[in-house]
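The values are calculated or read from the model by the stated rules, or taken from the named source; none is laboratory data. Please read all numbers here as calculations on a predicted model, not as lab measurements. Positions of Cβ are generated from backbone atoms using ideal geometry, with glycine treated the same way; all protein chains shown enter the neighbour counts.
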Amino acid sequence: MLSLVAVVATLWLGMSGQLGLYIHPRYFLFTLVMAAIGLVLVVAGFVRRRDFEVQQTGRAETTLTAVGIVLLGVIGVATIVVPPTTLTAATATQREVNSGGLGSSEDAAAALIGTGDFEDLTIREWVSLLGQSSEPSFYADKTTRVVGFITPDQGDPENVFYVARFVVTCCAVDAQPIGVPVYLPGWQSSYDVDDWVQVTGTLLLSPAVQGTDPLAISPAEILPVDEPNDPYVY
């Protein structure tokens, strides 16, 4: 019964387009194929069960079985009825923003330096670029535009917040938060933690005394945005 709940929930998440909240897209096909095979095997197991003699059980065993079936039913219904949610700032705080590293492949962001298309950089590319250079003069004439959710800087939460996203390598369990710091004293009076925003501005030396990053965006515009259908980056 537990296997049936698991495979049905997996197939439903795939059909509803929400499987990406749990695993990397590269594993979608494999996961759905295995779930479909699992469903066939579970159904076959129920059918074959009729061919075997079932030993009579006592009242206690029957009651426990009934309770187990009810609990599994509740879990299955909850999986479908209760919408999946994305990881939040609480998780970002536990895992520390920009602590997981982006890997050497992110050096490719440096190739964009000569194009002049800095406004088109993704948040992952901005984080990679900031990891390669913290020289303020390099960013002086370049507009930074990033979209993500708000999570406070642990070093100076009153004045600095991150525009953050989660990078998923395999699944949500290994998701690592990355973000670009924004210097805005008193930001809590206008924005809440976990709000999704688009921040446009210029990267400058951060005035935050206790901040954890040498540079931060001086925002020219902060717009509220809806959480994207695909909130993670890969």
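Among the strands (runs of 3 or more DSSP E) confined to segment 166-230, the ones with at least 3 residues that are hydrophobic (A, V, I, L, M, F, W, C), touching a residue at least 12 places away in the same chain (Cβ under 8 Å) and closer than 13 Å to ILE123 by Cβ are located at 176-183, 196-205. Here segment 158-188 is the region considered, the condition is being at pLDDT 95 or above and hydroxyl-bearing (Ser, Thr, Tyr), and the residue that is surrounded by the fewest Cβ atoms within 10 Å (Cβ to Cβ) is TYR183.
Test GLY116 against the criterion of being under 27 Å from ASP192 (Cα atoms) and modelled with pLDDT under 80, and give yes or no. Break it down into steps so the answer makes sense when it comes.
Working: under 27 Å from ASP192 (Cα atoms): no; modelled with pLDDT under 80: yes.
No: the conditions fail for GLY116.
Can you find even one residue in segment 210-218 that is surrounded by fewer than 18 Cβ atoms within 10 Å (Cβ to Cβ) and modelled with pLDDT of 95 or more? Among the residues of segment 210-218, at least one is surrounded by fewer than 18 Cβ atoms within 10 Å (Cβ to Cβ) and modelled with pLDDT of 95 or more, which makes the answer yes. From the list GLU158, GLU125, which one is in a helix (DSSP H, G or I) and under 25 Å from THR91 (Cβ atoms)? Just one listed residue meets the conditions, GLU125.
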